[in-house]
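For reference, the structure is listed below as structure tokens.
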């Protein structure tokens, strides 16, 4: 009897697993007429998910579902996989937001069928066959690049000076020290990961240009936005406008989600 009871329990458990698994497959199907409620935020190099900490509560207060990807920064492929994993976990269409090197990540991961738009925040936006590293070469070295230091196994970190003068010069000293303490050591080779198919070529785009950026050339950001015909917001900030001007950046992202929802509603 105990054996039959155990077998029956095991069977019920297997059925439950099956019922749970099949809807997850269906969840990957997104209709373009659904409003955009999911915002997936993708951090860049020498950072982690906390770089979005000021945006999250603002976006949530607008009724949006927000998730921050925690990139391992071990390779471009690993970071794209981490982002795709979070995209797949969302119920419905996704607005994908990338900062800095995260722009290269969303350019590749944004080909996921759930992604309906891309927002670049002081970011790289490589074309097919390009990488974050190669895209920046024509614009010359930036001041922040001189403050990168190798640790081991090809990983790089930013110096305290680099954080305070180049990465986040318009934050308070306390905020700069938090950024320094929470930075993610980044595999240098990850920045050389090439794009197979740039998602921005076939999906709506928005771009926050940081006009005082010392990590990525502001001209590069402007040229990228023009190339992809993105709707733009230019702010006189350092490399981290989402931390120094969070209200403006959050409003821009929220408006992007609303813009897409209005467009799809009008096309019915």
TODO: Go ahead and run the numbers for FRET between residue 91 and residue 234, Cβ-Cβ distance against an R0 of 35 Å, rounding to 0.05.
DONE: 0.55
- [ ] Give the value in nm², to one decimal: projected area of the alpha carbon convex hull of the stretch 22-146, averaged over all directions.
- [x] 8.7
- [ ] Please give the FRET efficiency for residue 202 paired with residue 70, using the beta carbon to beta carbon distance and R0 = 45 Å, rounded to the nearest 0.05.
- [x] 0.95
TODO: Kindly rank 86-94, 100-108, 149-157 from highest to lowest mean number of other beta carbons found within 10 Å of each residue.
DONE: 100-108, 86-94, 149-157
- [ ] For the stretch 33-266, give the share of DSSP beta bridges that are antiparallel, in percent and rounded to the nearest 5; count only bridges with both residues there.
- [x] 15
Open item on the list: At 20 °C and a viscosity of 1.002 mPa s, what translational diffusion coefficient does Stokes-Einstein give for the stretch 41-80, taking Rh as the Kirkwood radius over Cα pairs? Give it in µm²/s as a whole number.
Closed with: 196
Open item on the list: In Å and on Cα atoms, what radius of gyration and Dmax does the stretch 33-266 show?
Closed with: 16.1, 54
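Taken together, the values in this text are just the output of simple stated rules run on the coordinates, not laboratory data. Only a predicted model underlies this, so the values are computations on that prediction, with no experimental measurement involved. FYI the Cβ positions are ideal-geometry reconstructions off the backbone, even for glycines, and counts take in every protein chain you see.
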